[in-house]
Amino acid sequence: MSGPRPVRAPRGTELSALGWQQEAALRMLQNNLDPEVAEHPDKLVVYGGTGKAARDWRSFDAMVRTLRTLKQDETMLVQSGRPVGVMQTHEWAPRVLIANSNLVGDWANWEEFRRLEALGLTMYGQMTAGSWIYIGTQGILQGTYETFSAVAAKKFGGTLAGTITLTAGLGGMGGAQPLAVTMNDGVAICIDVDPRAIERRIEHRFLDVRADSLEHALQLAVEARDARRPLSIGLLGNAAELLPRMLAESAPIDIVTDQTSAHDPLAYLPVGVDFADMASYAAKDPAGFTTRARESMARHVEAMVGFMDAGAEVFDYGNSIRGEAQLAGYERAFAFPGFVPAYIRPLFSEGRGPFRWAALSGEASDIAKTDKAILDLFPEGDSVQNESLHRWIKLAGERVRFQGLPARICWLGYGERDKAGERFNDMVASGELAAPLAIGRDHLDCGSVASPYRETEAMLDGSDAIADWPLLNAMVNVASGASWVSIHHGGGVGMGRSLHAGQVTVADGTKLAGEKIRRVLTNDPGMGVIRHVDAGYDIAESVADERGVRIPMREG
Ligand code: NAD
């Protein structure tokens, strides 16, 4: 009988599949559903509202069964979380090809998606949930750390010491916010309606304390701010209620953002609804719930705009809350920018983005060794970016508690990811690491996503909604030798608003893996460089010239 049960990836070097490429896919699928990693493993939900790793338990079982018997020249096809075929390919081809949540343009909305989902025909793959490279909250921590560092550099002289950040959402992704703020020496007040989310972040050491009330939260925050002491405070409540109250009381807030699951109106709690009734109400009356959630989001965003008018640094953190507030009729919803044009685009133009790897051995010591390899490969004195990289790896080593298989993330650029990947493969080959590594990334990367409210908001040439780039990205990763490749729709910002692609490449210590890694980890970030050259970004042109990225329209 297929049904909910605890899932955990095997550790060690004993294979239950026919090779490490297949074994890696199997372990990473299982790891996504590890109760330490997934938000709601019994429902196969990994993170991000309803982002799933498999469509249903029968599909999960079929994928596990198939991966265990899949040959080195075969490829399993996955259609929205269900294995639908095995085809003979060749050893350079990916072992798994995944397409999740894709819908034809005019049908690409939540209503149609939910209708099809209820019929058992599709599932929501979010980004790394359905492509089996979610590594827990750490995955987003580095990106969030980078963003708050950029806020500090832009507005507060390079540090958040002496500032208070106000945000909401302490889920799988949003839970990284408190630690990212304190790593930048600031104070954070983080609101969530779910007491479990607050407790969980405290347990995982991402959040420091829980306040008893709004007044208590503000008192703790002001004391820490005045002492220039980092502190993160969890506050139970509805953001759509608390933000307007805090604005009315002129709370001394310097930075405001949000990471509630606003991309999915059925995952945002409307004002006046008890948290305990949320799931049953959303199931019973999705249309009524959606209208009320959007109205609440409009009040929430209106308060964010109020804080902006009062002088705070305010940005949308990629959850589509501005779009939802606008749908509810709030006209100034887009008064503040998204975080990508505000802080991240220059990094994307260089091909920098969220490089990550997981130790299939299960040994924390493998990650410690790879951390050291990264620090050796990219010496601190060589660039400002290497300085931040060193600070991050050191802090991550001290502060990050692994969830599931030990893993690490750091942002690396074009010409760096391939170096790191090849070094890792050599470390597997020499026996320095106990077992192979799965090397992947978030779909939120420099050249792998089209998302006009987030990664491609306000592109220089207006090409925000052009979705050819993520499709080319997936195809180039297939052609370069990635171990599994995925194309998704609707991740991050919701149905109709994004198309994106992912890749994972396994360092199993073989010469073949080394060849694949060199190509994939060059071409994948290379997509970021060419995408930004095409859109007219100077930084991208310099990187292309310096590092030899060929762009036909600039040759001859
Ligand atoms: P999640 O579903 O795990 O967590 C969302 C949290 O919001 C939950 O804990 C929920 O209790 C809380 N919440 C819901 N309504 C609320 C309300 N009215 N007031 C206060 N709290 C409320 O989702 P997640 O994985 O943490 O992702 C959060 C959002 O961030 C999603 O929209 C996701 O798409 C987006 N996201 C952003 C990035 C980025 O880099 N910026 C990356 C991934 C995801």
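The values are calculated or read from the model by the stated rules, or taken from the named source; none is laboratory data. Small disclaimer: the values here were computed from a predicted structure and weren't measured. Counting neighbours? That spans all protein chains shown, and the Cβs are built from the backbone with ideal geometry, glycine included.
Residue count for region 398-409, restricted to those that are in a helix (DSSP H, G or I) and in contact with a strand residue (DSSP E or B) (Cβ under 9 Å, 6 or more places away or on another chain): 0. Considering only residues that are surrounded by fewer than 24 Cβ atoms within 10 Å (Cβ to Cβ) and either in a helix (DSSP H, G or I) or within 16 Å of the ligand (Cβ to nearest atom) (or both), which ones fall in region 50-59? If the condition is that a residue be surrounded by fewer than 24 Cβ atoms within 10 Å (Cβ to Cβ) and either in a helix (DSSP H, G or I) or within 16 Å of the ligand (Cβ to nearest atom) (or both), then 50, 57, 58, 59 are the ones that fit.
The residue that is farthest from residue 173 (Cα to Cα), counting only those in region 317-335 that are assigned to a loop (DSSP other than H, G, I, E, B) and near the ligand (Cβ under 10 Å from one of its atoms), is 320. Residues of region 60-75 that are buried (at least 17 other Cβ atoms within 10 Å of the Cβ) and in a helix (DSSP H, G or I): 60, 62, 63, 64, 66, 67.
Can you tell me which residues in region 84-142 are exposed (fewer than 14 other Cβ atoms within 10 Å of the Cβ) and part of a helix (DSSP H, G or I)? Listed by number, the residues that qualify are 105, 106, 107, 111, 115, 118. When you scan region 28-42, do you find a residue that is in contact with a Leu (Cβ under 6 Å, 6 or more places away or on another chain) and within 16 Å of the ligand (Cβ to nearest atom), even just one? Yes, there is a match, as at least one residue in region 28-42 is in contact with a Leu (Cβ under 6 Å, 6 or more places away or on another chain) and within 16 Å of the ligand (Cβ to nearest atom).
Note on region 205-311: enclosed helices (runs of 4 or more DSSP H) holding 1 or more residues that are within 12 Å of the ligand (Cβ to nearest atom) are 239-248, 278-284, 286-309.
Answer yes or no: is there a residue in region 542-550 that is part of a loop (DSSP other than H, G, I, E, B) and of a type outside the set (Lys, Arg). Yes; the residues of region 542-550 include at least one that is part of a loop (DSSP other than H, G, I, E, B) and of a type outside the set (Lys, Arg). Residue 154 falls short on exactly one of the conditions (1) away from the ligand (no atom under 11 Å from the Cβ); (2) touching a residue at least 60 places away in the same chain (Cβ under 8 Å); (3) not in a helix (DSSP H, G or I), and that condition is (3). Filtering region 181-204 to residues that are free of Cβ contacts under 8 Å to residues at least 12 places away in the same chain and more than 13 Å from the ligand (Cβ to nearest atom) leaves only 203. The number of residues in region 432-452 being within 21 Å of residue 405 (Cβ to Cβ), of a type outside the set (Gly, Ala, Ser) and surrounded by fewer than 24 Cβ atoms within 10 Å (Cβ to Cβ) comes to 1.
For region 289-301, state whether one or more residues are of a type in the set (Val, Ile, Thr), touching a strand residue (DSSP E or B) at 6+ places or on another chain (Cβ under 8 Å) and farther than 15 Å from residue 168 by Cβ. Taking every residue of region 289-301 in turn, none turns out to be of a type in the set (Val, Ile, Thr), touching a strand residue (DSSP E or B) at 6+ places or on another chain (Cβ under 8 Å) and farther than 15 Å from residue 168 by Cβ. Please indicate, with yes or no, whether at least one residue in region 228-244 is modelled with pLDDT of 95 or more, within 24 Å of the chain's Cα centre (by Cα) and of a type in the set (Asp, Glu). No, because not a single residue in region 228-244 is modelled with pLDDT of 95 or more, within 24 Å of the chain's Cα centre (by Cα) and of a type in the set (Asp, Glu). Of the residues 181, 222, 209, the single one that is under 18 Å from residue 256 (Cβ atoms) and surrounded by fewer than 18 Cβ atoms within 10 Å (Cβ to Cβ) is 222.
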